[in-house]
Amino acid sequence: MRAVISVSDKAGVVDFARGLQEQGVEIFSTGGTKRSLEAAGVKVHSISDLTGFPEILDGRVKTLHPAVHGGILARRDLPQHLSELSQNRIEPLDMVVVNLYPFVETVRKPDVALDQALENIDIGGPTMIRSAAKNYPSVLVVVDPRDYDAVLQGLRQGGIDLQSRKKLAQKAFQHVAVYDTAIAQYLNEDAFPEEMTVALRKQRSLRYGENPHQEAAFYTEQSVRQRHDGLGSLEQLGGPEISFNNLLDLDAALNLLSDFTAPTIAIIKHNNSCGLASHDDPAEAYRRALAGDPVAAFGGIVASNRGIGLAAATEIDKTHYDAVVAPEYEEKALELLSRKASLRLVRVAPYPGTTRSESRLTFRHIRGGFLAQAPDSLAESELQPRTVTRRQPTETELADLLFSWRAVKGIKSNAIVIARDQALLGMGAGQPSRVVSVELALKRAGDQARDSVLASDAFFPFPDGPELAIKQGVTAIIQPGGSVRDDEVIALADRHNVAMVFTGVRHFLH
């Protein structure tokens, strides 16, 4: 057997090459890989020995040669192919071990120059991989160091079966596809190009999906535009395996908290915050968040944008939750919470806030395709809303209005939030009728609705929703505005001396 080895990721390659050598495999290599193998005492030939031609253009051209690709692509079951190899003094190649230049790692570096990015676009590597994968019945193609041991074991046992070869070929084509996707992302300047691929890497298998009869897995997006690793970087510190639904709730929690700069605790149930509060003392923030709906909180997820200390952990420990997520935990807090075997403890950095200028897209699968859109983010203008009533909101009301506006953005539409003192008192979510969402939020808030504020993720089409809230004691309202009946809603607020502000931006979350 004859093999070409040329890898950017050199993990395990020396031991693999030694194993191949023990099986009588003749090895050809290039550049840094050749030097690494020679330094480890592995007998290796230069690609130039194979091609009879030197590497040129600073290594840009070294494997792009008929002696390489003829040896890879020739079908062993076609006498004509073997005859042509012989006529041209080309010997077959039986194995290609290649992985590619670290393009993504290079272009993610700050201020990387275009020339540097272009130099890290591998040409010969993908060509060899694709050639070998096309001819997988005859040529082994290995792109993942995790496959080295299985390949060696197969060779020692007499050979690699066709099904294993096919699996390696599939992985090889996918490896190149992910690589090409990253390059296309880097060069793309259109928000919505005519053609687009999304690269995904399997992060973990999951026991099941939303329901036990659904198979599931978690994939992370491989993107040169990505500003953070998100839930791909989560570290589980205790408790049972993370589930599909846990990940959905964790994502909802972290998306919500990304809009808050003050210390904030959220309690998430079915992707909605049934509890939310901001306070300098995390333990007090948790108590206020729990008061939002202590019944719904049972079995939910607690999320914090600050570290969890012992005082907060002591409060959290009093209620049953599926998971707690925070950027850090004090040692004693972790020790206390770890006593509950059923509680998943997760450490993950908080998501940074997004801006409208970012080019990252969000996707939603529908039958036959995907919907793509820019991320929903808070604009600076929303945090300086326009007063449309005679009465301006007080300082306290304005602070609560901005809190409730951040809160309502993370709740499923039609969304209504009732809040006071930087805490959620009641919310209505996911109702076909906005007025029903108001009713639900007010019912949850109860008597606490007096002297509270209300936020609506979209405009009120009629005055009926605000009228219900005003009757129960709401003193200030924040909403996007834009209804043909805005004048009627404003007139209602003026009659009752209620302050109302417009943000000019809607935040539907379906």
Hey, if you put +1 on the Cβ of every Lys and Arg and -1 on every Asp and Glu Cβ in the chain, which of L155, G430, A184 ends up farthest toward the positive end of that dipole?
-> L155
Using mean Cβ contacts within 10 Å as the protection proxy, how do 495-506, 196-207 order, highest first?
-> 495-506, 196-207
Residue-wise, which Karplus ³J(HN,Hα) couplings in Hz belong to the stretch 458-466, taking 6.51 cos²θ - 1.76 cosθ + 1.60, θ = phi - 60°, and x for glycine or proline?
-> 9, 5, 8, x, 9, x, 5, x, x
Restraint check, K62/K202; K109/K412; K34/K109; K43/K202, Cα-Cα greater than 30 Å = K62/K202; K109/K412; K43/K202
For the stretch 108-152, just say rounded, prolate or oblate: build the C-alpha gyration tensor, square-root its eigenvalues into a ≥ b ≥ c, call rounded for a/c under 1.5, and beyond that prolate if a/b exceeds b/c, oblate if not.
-> oblate
What is the P(r) of the stretch 1-50, as percent of Cα-Cα pairs per 10 Å bin from 0?
-> 29, 63, 8
Interchain or sequence-distant (5+) residues whose placed amide H lies within less than 5 Å of the amide H of I477 are L454, A499, M500, V501
Cα extents of the stretch 240-300 per principal axis, largest first, Å, are 32, 25, 20
Taking the chain and dividing mean pair separation by its residue count, relative contact order in percent (alpha carbons under 8 Å, at least six apart) | 9
Intensity falloff of the stretch 2-187 expressed as log10 I(q)/I(0), Debye formula with alpha-carbon point scatterers, at q = 0.08, 0.13, 0.16 Å⁻¹ | -0.25, -0.68, -1.02
Counting other C-beta atoms within 10 Å, which of F370, F460 has the fewest, and how do the rest follow?
-> F370, F460
Report, in debye and to the nearest 20, how large the dipole of the stretch 235-347 comes out about its Cα centre when Lys and Arg carry +1 and Asp and Glu carry -1 on their Cβ.
-> 240
P(r), alpha carbons of the stretch 399-496 - 10 Å bins starting at zero, rounded % = 19, 56, 24, 0
Taking the chain and counting helices only, DSSP H stretches of n ≥ 4 at -39,500 (n - 2.57) each over all residues, the nearest-500 ellipticity at 222 nm comes to -10500 deg cm²/dmol
Estimated dipole of the stretch 184-253 in Debye, rounded to 20 [Cβ of Lys and Arg +1, of Asp and Glu -1, Cα centre] = 300
Along principal axes, largest first, the alpha-carbon spread of the stretch 146-257 in whole Å comes out as 56, 43, 27
If each K or R counts +1 and each D or E counts -1, the residues other than R506 whose Cβ falls under 13 Å of its Cβ total -1
Quick one: grab the alpha carbon gyration tensor of the stretch 315-437, order the square roots of its eigenvalues as a ≥ b ≥ c, and give me rounded if a/c is under 1.5, else prolate or oblate depending on whether a/b is larger than b/c.
-> oblate
Each residue of the stretch 214-225 in order: what ³J(HN,Hα) in whole Hz does its phi give by Karplus 6.51 cos²θ - 1.76 cosθ + 1.60, θ = phi - 60°, with x for Gly and Pro?
-> 9, 6, 7, 8, 10, 10, 9, 7, 9, 9, 6, 8
Once the Cα gyration tensor of the stretch 235-347 is found, what semi-axes does its equivalent ellipsoid get, as square roots of 5 times the eigenvalues, in whole Å, sorted largest first?
-> 17, 16, 13
Please report the Cα spread of the chain along all three principal axes, rounded to whole Å, starting with the longest.
-> 97, 51, 42
Arrange T30, T181 by Cβ neighbour counts within 10 Å, fewest through most, would you?
-> T181, T30
With +1 at each Lys and Arg Cβ and -1 at each Asp and Glu Cβ, the charge dipole magnitude of the chain around its Cα centre, to the nearest 20 debye, comes out at 980
Taking L424, L383, L231 and counting other C-beta atoms within 10 Å, the order from fewest to most = L383, L231, L424
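Every number in this text was worked out from the coordinates using simple rules, so none of it is lab data. Just so you know, these numbers come straight off a predicted model, no measurement behind them. Here Cβ is always computed from backbone atoms with ideal geometry, including for glycine, and neighbour counts include all displayed protein chains.
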